[in-house]
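Asker: Following this message is one structure expressed as structure tokens.
The values are calculated or read from the model by the stated rules, or taken from the named source; none is laboratory data. This structure is a prediction, so every number in the text was calculated from the model and none was measured. A quick note on method: Cβ atoms are made from the backbone with ideal geometry, for glycine too, and the neighbour counts reach across all protein chains shown.
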């Protein structure tokens, strides 16, 4: 089998995997679709080039029984890596920080005690859960500053709990930040698109909560930060 034969075979496999993965129609352009996806957008020129070479090999007449061009091994490897990445897409459940490793607080916990722990365990966003394990809010440095500001510069009382400071930790109390709830089965590349669209809209997606049903009324099972999704992407 020549490189050209193997290349055509791999490209057909790529088309099949993309169509099955994303539910495309037979007439949809696989390369156009793939080059617009967040994870593959940086490689859109390579993807387009692979399409052009495939068209040349399949739709142009051979001369003397030979293909007009011979794809390099690196081009075939690129198709193989792309296929493998599509077959092994990670889910949110695989990249999240699970609840067992997460620094979180209960509504009955004190704010003073939480601040002491935050000094030892660097964490800018601390989820606050109710008795059923649902997200009741988020505690940040801004939350603390707002509490102090409303008390004319006085620190919170030693026994002040999160339930007593509810208005400072609600998710909609953070003007410059937004939060999202997703299922663990959502693919990481789909979540990356959510992050990018949020940023392009002028908002900062500070944290994603992974819950049992993907909604605010579901029990929290883990969290995903911008670093988890944007800073750990494997390149093709």
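Asker: Evaluate segment 100-109: report whether one residue or more is in contact with a strand residue (DSSP E or B) (Cβ under 7 Å, 6 or more places away or on another chain), under 30 Å from residue 141 (Cα atoms) and part of a helix (DSSP H, G or I). I'd like the intermediate steps shown before the answer.
Answerer: From segment 100-109, those in contact with a strand residue (DSSP E or B) (Cβ under 7 Å, 6 or more places away or on another chain) are 102-109; that's our starting set.
From what's left, under 30 Å from residue 141 (Cα atoms): 102-109.
Still in the list and also part of a helix (DSSP H, G or I): none.
No, because not a single residue in segment 100-109 is in contact with a strand residue (DSSP E or B) (Cβ under 7 Å, 6 or more places away or on another chain), under 30 Å from residue 141 (Cα atoms) and part of a helix (DSSP H, G or I).
Asker: Regarding residue 176, is this residue farther than 13 Å from residue 91 by Cα, in the same structural domain as residue 133 (by TED's automatic domain parsing), modelled with pLDDT under 85 and touching a strand residue (DSSP E or B) at 6+ places or on another chain (Cβ under 9 Å)?
Answerer: Numbers: farther than 13 Å from residue 91 by Cα: yes; in the same structural domain as residue 133 (by TED's automatic domain parsing): yes; modelled with pLDDT under 85: yes; touching a strand residue (DSSP E or B) at 6+ places or on another chain (Cβ under 9 Å): yes.
For residue 176, the condition - farther than 13 Å from residue 91 by Cα, in the same structural domain as residue 133 (by TED's automatic domain parsing), modelled with pLDDT under 85 and touching a strand residue (DSSP E or B) at 6+ places or on another chain (Cβ under 9 Å) - is met.
Asker: All but one of (1) touching a strand residue (DSSP E or B) at 6+ places or on another chain (Cβ under 9 Å); (2) farther than 19 Å from residue 187 by Cβ hold for residue 54; which doesn't?
Answerer: Condition not satisfied by residue 54: (1).
Asker: Moving to a separate point now. Which of the numbered conditions does residue 115 fail, given that it passes all the others? Conditions: (1) assigned to a helix (DSSP H, G or I); (2) modelled with pLDDT under 90; (3) in contact with a helix residue (DSSP H, G or I) (Cβ under 6 Å, 6 or more places away or on another chain).
Answerer: (3)
Asker: Go over the candidates 185, 200, 163 one by one and state the one that is surrounded by fewer than 17 Cβ atoms within 10 Å (Cβ to Cβ), modelled with pLDDT of 90 or more and farther than 27 Å from residue 113 by Cβ. Spell out the reasoning first.
Answerer: On the way: 200 fails: modelled with pLDDT of 90 or more; 163 fails: farther than 27 Å from residue 113 by Cβ.
Only one candidate passes the filter, namely 185.
Asker: So, one more: Output the residues belonging to segment 118-143 that are within 14 Å of residue 164 (Cα to Cα) and assigned to a helix (DSSP H, G or I).
Answerer: 143
Asker: Suppose we filter 115, 86, 79 for residues that are touching a residue at least 60 places away in the same chain (Cβ under 8 Å) and more than 18 Å from residue 188 (Cβ to Cβ); which single one remains? Working first, answer last.
Answerer: Details: 115 fails: touching a residue at least 60 places away in the same chain (Cβ under 8 Å); 86 fails: more than 18 Å from residue 188 (Cβ to Cβ).
79 is the lone residue from the list that is touching a residue at least 60 places away in the same chain (Cβ under 8 Å) and more than 18 Å from residue 188 (Cβ to Cβ).
Asker: Condition first: in contact with a strand residue (DSSP E or B) (Cβ under 6 Å, 6 or more places away or on another chain), assigned to a helix (DSSP H, G or I) and buried (at least 18 other Cβ atoms within 10 Å of the Cβ). Can you find one or more residues in segment 66-86 that meet it?
Answerer: Going residue by residue through segment 66-86, those that are in contact with a strand residue (DSSP E or B) (Cβ under 6 Å, 6 or more places away or on another chain) are none.
Within segment 66-86, none of the residues are in contact with a strand residue (DSSP E or B) (Cβ under 6 Å, 6 or more places away or on another chain), assigned to a helix (DSSP H, G or I) and buried (at least 18 other Cβ atoms within 10 Å of the Cβ).
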